[in-house]
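Have a look at the structure below, then the notes.
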Amino acid sequence: MTTISATRTGIGGLPLVTLRAADGAAADVTSWRPAPDEDERLFLSARSEFASGAAIRGGIPVIFPQFAAEGPLPRHGFARTAEWRLDEVDQAEEGDAIASLSLCDSPELRAIWSAEFRATLTVRVGGSRLVVTLGVENTGASPFSFACALHTYLRVHDVAQAEVVGLHGTRHRDPNDRTKLRIDDDPVLRVTGELDRVYVGAPRALLVREPRRALRVETRDFPDVVLWNPGRKRAAALADMEPDGERAMLCVEAAAVQIPIALEAGGRWHGSQMLDAAARA
């Protein structure tokens with residue numbers, strides 16, 4: 001029988017939704033333990049600030065409607081620090097646990113972003129897989145455009161021994177000029193220091209490979225992929241990053257950032273990211 005814990009009080013008094021599938025796979029906003037090994041696959045900094053309006057350093061923050069500082073809004077927009085409403089929890093026939101959440105425009109949000117919208121987040125966990133789907137609907141009479149990403153903090157044993165497979169020949173943005181693109185010529189990507197890349201028109205499937213395990217990352221309708229690790233020097237300057245935390249994480253993010261998504265009145269968009277811990281190295 002699937003146990004689904006609806007909203008309860010989490011760290012810092014914040015509301016928390018926990019899902020547990022029939023096979024024991026479990027997930028919440030900062031954790032994912034696939035079945036059958038139940039090995040934690042998402043990174044969460046021990047120094048992360050759990051407070052209203054603060055971003056969490058770990059899990060899968062939702063980036064919307066702005067990426068990074070590429071616009072007038074707060075960095076990465078407002079969705080990652082907003083309180084989403086829990087709309088539904090359910091159990092699929094095969095035992096997967098599913099939760100649906102939503103975030104709508106409000107007078108407070110319209111004061112900084114005038115669009116009328118409804119964003120939805122669907123999380124499905126079961127077996128070796130975690131699937132997160134982000135949807136955006138234009139509920140107003142005027143068109144708008146937005147950027148978005150699922151800022152997934154993957155937990156790795158040692159980032160220096162991890163590698164990302166599948167990006168060879170893909171273009172990524174020049175770090176100093178995002179209008180210029182470079183070709184990735186490496187058969188595999190290894191993290192040797194600070195890494196901050198937006199891959200444009202990225203492949204739909206990547207493999208994050210470690211010496212004793214692998215993780216498949218598959219996206220749908222997200223055109224880009226972001227890879228990020230702050231490196232030792234930058235991580236030391238992050239107040240909410242634990243010592244050596246950068247060695248235990250690698251962000252692999254389904255994203256739509258190079259070309260903003262445009263929605264006419266009544267228009268809808270959705271994209272998803274699937275993580276599969278059953279992948280073979």
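The values are calculated or read from the model by the stated rules, or taken from the named source; none is laboratory data. Just so it is clear, the structure is predicted and the values come from calculations on it, not from any experiment. Cβ: placed from backbone, ideal geometry, glycine included. Neighbour counts: every protein chain shown. For accessibility, only protein heavy atoms count, side chains too; no ligands or nucleic acids. Shrake-Rupley method; radii C 1.70, N 1.55, O 1.52, S 1.80 Å.
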Taking a ≥ b ≥ c as the square roots of the Cα gyration tensor eigenvalues, with a/c under 1.5 meaning rounded and otherwise prolate when a/b beats b/c or oblate if not, region 217-281 comes out oblate
What is the spin-label model distance, in nm, from His168 to Ser52 if the labels are put 7 Å beyond Cα along the C-beta direction? 5.2 nm
Could you order the peptides 173-179, 235-241 from most to least packed, using the average number of other C-beta atoms within 10 Å per residue? 235-241, 173-179
Value at 222 nm in deg cm²/dmol, rounded to 500, when DSSP H runs of n ≥ 4 in the chain each add -39,500 (n - 2.57): -500 deg cm²/dmol
The chain - charge dipole about Cα centre, Lys and Arg +1 at Cβ, Asp and Glu -1, debye rounded to 20: 540 debye
Can you give me the Rg/Rh ratio for region 21-121, using Cα atoms for both radii and the Kirkwood formula for Rh? 1.03
Per the 1.4 Å probe, what fraction of the accessible area of the chain, in percent, lies on carbon and sulfur atoms? 47 percent
Solvent-accessible area per residue, Å², over the chain with all protein chains present [probe radius 1.4 Å]: 48 Å²
If I stretch the segment between Ser31 and Arg75 completely, what's the gain in nm (0.36 nm per residue apart, minus their alpha carbon distance), one decimal? 13.5 nm
For a bin width of 10 Å, list the pair-distance distribution of region 119-262 built from all Cα-Cα distances, rounded to whole %. 10, 38, 35, 15, 2, 0
Pair Ser106, Arg268: separation of 7 Å Cα→Cβ label points (nm): 2.4 nm
I'd like the Kirkwood hydrodynamic radius of the chain, using the inverse of the mean 1/r over distinct C-alpha pairs, in Å. 19.3 Å
